[in-house]
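Take a look at the structure set out below.
The values are calculated or read from the model by the stated rules, or taken from the named source; none is laboratory data. As the structure is a computational prediction, the values presented were derived from the model and not from experiment. Every residue, glycine among them, receives a Cβ derived from its backbone with ideal geometry; neighbour counts consider all protein chains shown.
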Amino acid sequence: MNTTNASPAAPAKADFSSDQEVRWCPGCGDYSILKQVQTLLEQSGRRKEEVVFISGIGCSSRFPYYLDTFGLHGIHGRAPAIVGGLRSVRPDLSVWMITGDGDALSIGGNHIIHLLRRNVDVNVLLFNNEIYGLTKGQYSPTSPEGAVTRSTPLGSTDHPFNPLALVKGADGTFIARCMDRDPKHMREVLARADAHRGTSLVEVYQNCNVFNDGAFEAFTEKGSKADNTLFVEHGKPLLFANGTKGISLQDMRPTVIDIGAERSVNDCWVHDERDSFKASLLVRLFDDPRTQGGFPRPFGVLFVKDRPTHEAKLQAQVQAARERKGQGDLDALLRGDHTWEIV
Amino acid sequence: METPAKPKTVEPRQNVVILFAGDSGDGIQLTGAQFTDNNALFGNDVSTFPNYPSEIRAPQGTLAGVSGFQLHFGSVEVFTPGDRCDVLVVMNAAALKANLHKLKQGGIIIANADGFDRKNLRLAGYIDEADPLTDGSLEAYKLHSVDVTKLTRAALEGTTLGMKEKDRCKNMFVLGFINWMFSRELDNSERFLEHKFGRKPELMEANRRVLLAGYHYGETSETFTTRFEVKPAPMPKGTYRSITGNQGTALGLLAGARKAGLQLFYGSYPITPASDILHELSRHKNLGAITFQAEDEIAAIASAIGASYGGALGVTASSGPGIALKIEAMGLAFMLELPLVIVNVQRGGPSTGLPTKTEQADLWQAVHGRNGEAPIPVIAASTPVDCFEMAFEAVQLAVEHMTPVILLTDGYIANGAEPWRFPSSADLPTITPNFIQAPNDGDRFLPYRRDARGVRPWALPGQAGLQHRIGGIEKQDGTGNISYDPANHEKMVRLRAEKVARIADRFRPIRLDSGPPEGDLLIVGWGSTYGAIRTAALQMQAEGHSVAHVHLRHLFPFNKGLGPLLRKFRQVLVPEMNSGQLRQLLRAEYLVDARGLSKVQGLPFTSEEIRNAALDLLTHNTTAAAATQA
Ligand code: SF4
């Protein structure tokens, strides 16, 4: 059902912050993400009432309380399923899902992959801080092997997920990465995610300064950022380290090259965000700068594909059934195909 | 038609129970359903129960592969598919072995002789391949051995059909013969064949020939001297259809959604014996019903919650183990105070238990099974037709009181069928969602401001000025904002419980199903035991006993009239297909010395078992046996 009350003219710039006091730890990366989302919504000209935020459980999942939109703070890991149901009956809304590395990839792992393969139209912001914050510091499914946390005093024995490779494996139709410390870039990525029809999954590197401070500093700090990050743009060569290095692709094998006398920009792999095979390679550039440091980590929109959304297909079936069988009459339904009279 | 060799006598019967049994491939379900149709059209009351093998493709000829279809039809009202059968039709040795114990002493066996060759006898486990059709072991019964295969092939001589195709018509021979035996016409079955094989005239003609051959066989064969006749039952006038419990549930949900003006969203994960609800609903997309086969049981309920949040009627259904997975999300729906219907088609438990068998052992789970204090209304259906009514009521309670509601049915009524004098849509009450259109506190919106019934408003995304945030964390009264305040928590626990308790205010006054308003014994039942208890109670009343029967539809909260009613009887007996769950709830609530009659065998009660326990209690005033033998 559609109950949107058309208000005469949407205000150009509404204030999307709610009256609730924000309760994250001071210095938490979540603040930056909240700010960018609020700004994006304010600039989008959307009405507050047509925006819905759904979350699971975790520090990030408190997000909906801080926006003056509709919000549902769900249960651990199940936000994708709640979104699936909401979307099936309300294709008119703008739906956002807020989740974290534990929420999406551990307890909700099953739901997130099915959300992606169905291509439900939702903007998923996966706050990855490589730790369980709300429960005070246990390792998460993205913590690196050997991570020493409160539950792994001798170091984690688990191999971590590469979240975007998982998303690609589940046939996600919009795959992107950004970080809390680069708000401008984040806003650009979020705007692209918002414009995409289907499941837009944006992994946001988010610093948990209390339990896992500096997890991403190789990517965020001035001294190391240039060497360890690769900001991709559609149609542009893959260059990093202030243009001194690039990535070439020969025989489907990416290689870091020095840009100079021997190799030039023309030898670089040119980013094509619509190329599924190249995207599969791109998400695999996942070297840990602390231990490996061969390839830089890609940021930006890594992959986009147009595929009909789940709700569009559902609605089309309803439509087709109505064209075939009519609107459906309750009396005909109750009567069924075969009746008899007792006189 | 040929002249009968010998005049046949016609014996009137008040009611007959017939069980068709054979290999899954023998077309037993179709034969049973067709014969049921003929009787219903004739005007009998009918009640049926199919019995499928637990394995999908059990080896042919084995006990594990036996499929059955039981039909009870009568010139009087019938309430169950019948305790024991009068006629047993078996297509092979395994079918006989698996079902002989269900046949009454002196009952009729019609056996397909071809299904008793050495191989079939060995597969069925007859020692030394001893043939029960010839070794005299069935002397206590009226045995008719008919070579169905041979007669079927003979009827199809000269056709171009291959042997396999010919043999596939065997069930039509049986159908034709049984129709003769019970003095029924074949018109309806012929019409059915025309419909089914409309595009394959050759097959239609073959099946029709075999059907007629079966009928003529009864007429001409020397061995059958008696036909039976079951007169029409005094059924209320009107238009009827047949309905299974799962169909009833599906239609009740659809009708409820329609009467509430809501789109139906059904989130589910395949599970026996609930999947037929999904199959039925997925056929009605034109009514706007959306079915969503989720990745698991948790996603099934969570998606339904999302749909309700969006303004649809969210529904999920499952059985025991699936319901266990949904419990966390039930707590969320309870906290969010959104409409949600949860159907549990109970089966034998615990754990995977007995997936294809019936039980009522999830009552405590429904009433108590959540973390924290999360009372959810629990209602139960008692017959296939009642599944429709209770599903409709579940929608009504959920939508009008903003709460999840649990509807309990079970495998016995879910798969069983009975005639239904279906209502017209105009007979069904309108359901009024508690929608809100504008802020309710000046220009502020308070999502948890309750009305006199304790019900909060349903504010849908998209409505200007009603933006709000809800979640599973404890919330402040009125605003719904997160609150950890101790006194507020206690208040909210109380407010939520009061809202659910107040639902009992709308229940119709409690009504006895049969019997005097006070007396010696009250039998209290719930769910699918209805038919067996009703049959036993009516019989005992006819015998002059002071026995009444009340059947509970509302298990939480109870009907307010229940307490006073219990006190009007000297003794209370609670038959249940569990170890005494309702009995304990009644004792806890009313301090009444209710006695139990338990049966936990994956099988329904027979009315005989209920009557025996009731008589025992009346004469000896003893505690009824903890468990009865089937
Ligand atoms: S625990 Fe970490 S993630 Fe959670 S609010 Fe504090 S800093 Fe942020």
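Here are the numbers for the structure shown:
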| read-out | value |
| --- | --- |
| Test result for A:LEU281, more than 14 Å from chain B (Cβ to nearest Cβ) and part of a helix (DSSP H, G or I) | yes |
| Selection count, the range A:307-343, where residues are more than 7 Å from chain B (Cβ to nearest Cβ), part of a helix (DSSP H, G or I) and under 20 Å from B:PHE388 (Cβ atoms) | 1 |
| Qualifying strands (runs of 3 or more DSSP E) (wholly inside the range B:368-470; at least 3 residues being within 14 Å of another protein chain (Cβ to nearest Cβ) and closer than 25 Å to B:LEU552 by Cα) | B:417-420 |
| A:VAL189 being crowded, with 17+ Cβ neighbours inside 10 Å, away from the ligand (no atom under 16 Å from the Cβ) and closer than 21 Å to A:LEU105 by Cα | no |
| Check on A:LEU126, aliphatic (A, V, I, L, M), under 17 Å from A:GLY77 (Cα atoms), within 16 Å of the ligand (Cβ to nearest atom) and not in a strand (DSSP E or B) | no |
| Candidate set from the range A:192-213 (those that are of a type in the set (S, T, N, Q) and within 16 Å of the ligand (Cβ to nearest atom)); member that is nearest to the other protein chains (Cβ to nearest Cβ) | A:GLN206 |
| Exclusive hit being touching a Leu at 6+ places or on another chain (Cβ under 7 Å), closer than 30 Å to B:MET235 by Cβ and in contact (Cβ under 8 Å) with a residue 12 or more places away in the chain, set B:ALA391, B:ALA459 | B:ALA391 |
| The range B:212-270, subset under 30 Å from A:LEU86 (Cβ atoms) and surrounded by fewer than 17 Cβ atoms within 10 Å (Cβ to Cβ), residue nearest to the other protein chains (Cβ to nearest Cβ) | B:GLY261 |
| Residue that is surrounded by the fewest Cβ atoms within 10 Å (Cβ to Cβ) [pool: residues in the range A:129-141 that are farther than 22 Å from A:GLN36 by Cα and within 13 Å of the ligand (Cβ to nearest atom)] | A:LYS136 |
| Of the criteria (1) more than 19 Å from A:HIS196 (Cβ to Cβ); (2) among the basic types (Lys, Arg); (3) more than 16 Å from the ligand (Cβ to nearest atom), which one A:LYS168 fails | (1) |
| Residue ID - nearest to B:VAL230 (Cα to Cα), chosen from residues in the range B:87-122 that are of a type in the set (D, E, K, R) and not in a loop (DSSP other than H, G, I, E, B) | B:LYS104 |
| Matching residues, the range A:298-316, being farther than 17 Å from A:ASP194 by Cβ and of a type in the set (Ser, Thr, Tyr) | none |
| Residue within the range B:45-66 that is closer than 26 Å to B:GLU609 by Cα, touching a strand residue (DSSP E or B) at 6+ places or on another chain (Cβ under 8 Å) and within 14 Å of chain A (Cβ to nearest Cβ) present | yes |
| Where B:ASP296 falls short, out of the listed (1) modelled with pLDDT of 95 or more; (2) more than 7 Å from every other protein chain (Cβ to nearest Cβ); (3) surrounded by fewer than 24 Cβ atoms within 10 Å (Cβ to Cβ) | (2) |
| Filter result for B:VAL345 (away from chain A (no Cβ under 14 Å), touching a Gly at 6+ places or on another chain (Cβ under 8 Å) and surrounded by 24 or more Cβ atoms within 10 Å (Cβ to Cβ)) | yes |
| Entirely in the range B:163-224, the helices (runs of 4 or more DSSP H) that have 3 or more residues that are farther than 20 Å from B:MET91 by Cβ and in the same structural domain as B:ILE28 (by TED's automatic domain parsing) | B:187-196, B:201-220 |
| Those residues of the range B:149-159 which are touching a helix residue (DSSP H, G or I) at 6+ places or on another chain (Cβ under 7 Å) and farther than 23 Å from B:VAL90 by Cβ, in sequence order | B:THR159 |
| Condition met for B:ILE323 (more than 14 Å from chain A (Cβ to nearest Cβ) and either more than 30 Å from B:GLU490 (Cα to Cα) or assigned to a loop (DSSP other than H, G, I, E, B) (or both)) | no |
| Selection within the range B:309-320 - over 23 Å from the mean Cα position of the chain (by Cα) and more than 8 Å from chain A (Cβ to nearest Cβ) | B:LEU313 |
| Pick from the range A:81-103, criterion assigned to a helix (DSSP H, G or I) and of a type in the set (A, V, I, L, M), ranking: farthest from the other protein chains (Cβ to nearest Cβ) | A:VAL83 |
| Odd one out for A:HIS76, checked against (1) part of a helix (DSSP H, G or I); (2) surrounded by fewer than 23 Cβ atoms within 10 Å (Cβ to Cβ) | (1) |
| Scope the range A:22-63; condition crowded, with 24+ Cβ neighbours inside 10 Å, more than 9 Å from chain B (Cβ to nearest Cβ), more than 10 Å from the ligand (Cβ to nearest atom) and not in a helix (DSSP H, G or I); matching residues | A:GLY56 |
| Qualifying positions in the range A:171-186 - within 13 Å of the ligand (Cβ to nearest atom) and over 16 Å from the mean Cα position of the chain (by Cα) | none |
